[in-house]
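**Q** My questions all concern the structure below.
Readers should treat all values here as calculations from the given coordinates under stated rules, not as data from a laboratory. A quick note: this is a predicted structure, and the numbers were derived from the prediction, not measured. Ideal geometry is used to build each Cβ from the backbone, glycine not excepted, and the neighbour counts take in all protein chains shown.
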Amino acid sequence: MEKKVVNIAGKQYVLKVGEFDEELNVEDLLKIDYSNLIGELVTFPIIENRIGMMLADAESKVSETKLNRDILEAKLKEKYAITLTDSNGGKRPTIDAINAAVIQDKGYQAMYRSKIAAEKTRDYMMQLVFAMKSKSSKLEKLSLTIQNQEVPPELLEGRVNGIVISKSKRVID
């Protein structure tokens with residue numbers, strides 16, 4: 001569990017940031033809790049950061065699967081160039097024949113499906129990032145309507161967006 005200290009209205013609060021649960025309810029995450037706008041304002045950048053890191057991981061996975069597919073494709077083209085040459089009595093196969101053999105290879109198909117699945121995950125994460133930017137923009141506009149004296153202390157403590165907010169017991173610079 002990671003801890004972050006923030007100052008709000010002259011008081012220090014500790015944010016305890018744990019890992020996401022295995023199941024992340026996206027609809028709940030993207031809703032604005034109007035009963036605790038301060039909590040939303042304080043915690044949402046942390047959530048955005050986490051999702052951004054998850055998107056970076058998804059991007060990395062796409063690149064990795066593409067590289068693995070490209071390596072396998074190159075090896076298979078070499079293999080099938082030799083195999084098809086031998087089966088044609090020494091006559092070199094066409095590029096189209098080699099490409100057709102590669103595409104029909106079960107290992108290549110599995111690798112290609114893996115790349116497609118990684119791209120789908122990345123695209124889902126990108127869509128979530130876009131939705132979070134929308135919520136962030138709305139929170140920014142709502143923040144202009146809040147005055148320090150309007151914030152009851154009980155709204156500043158509790159669990160918001162999966163992050164526990166508690167009042168700091170000691171003063172931290």
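**Q** Starting from the range 88-135, pick out the chymotrypsin sites (Phe, Trp or Tyr not before Pro) whose DSSP state is loop and whose Cβ has at most 16 other Cβ atoms within 10 Å.
**A** Loop-located and lightly packed - none at all.
**Q** If you build the convex hull over the alpha carbons only and average its shadow over all orientations, what do you get for the range 1-131? Give it in nm² to one decimal.
**A** Projected area, direction-averaged: 11.1 nm².
**Q** Which entries in the list Lys115/Lys141; Lys106/Lys133; Lys4/Lys141; Lys120/Lys141; Lys3/Lys120 go over 29 Å, if you measure between the two C-alpha atoms of each?
**A** Lys115/Lys141; Lys106/Lys133; Lys120/Lys141; Lys3/Lys120
**Q** So which lysines can Lys91 reach, going by Cα to Cα under 21 Å and dropping same-chain residues fewer than 8 places off?
**A** The reachable lysines, counting only those whose Cα sits under 21 Å from Lys91, are Lys75, Lys77, Lys79.
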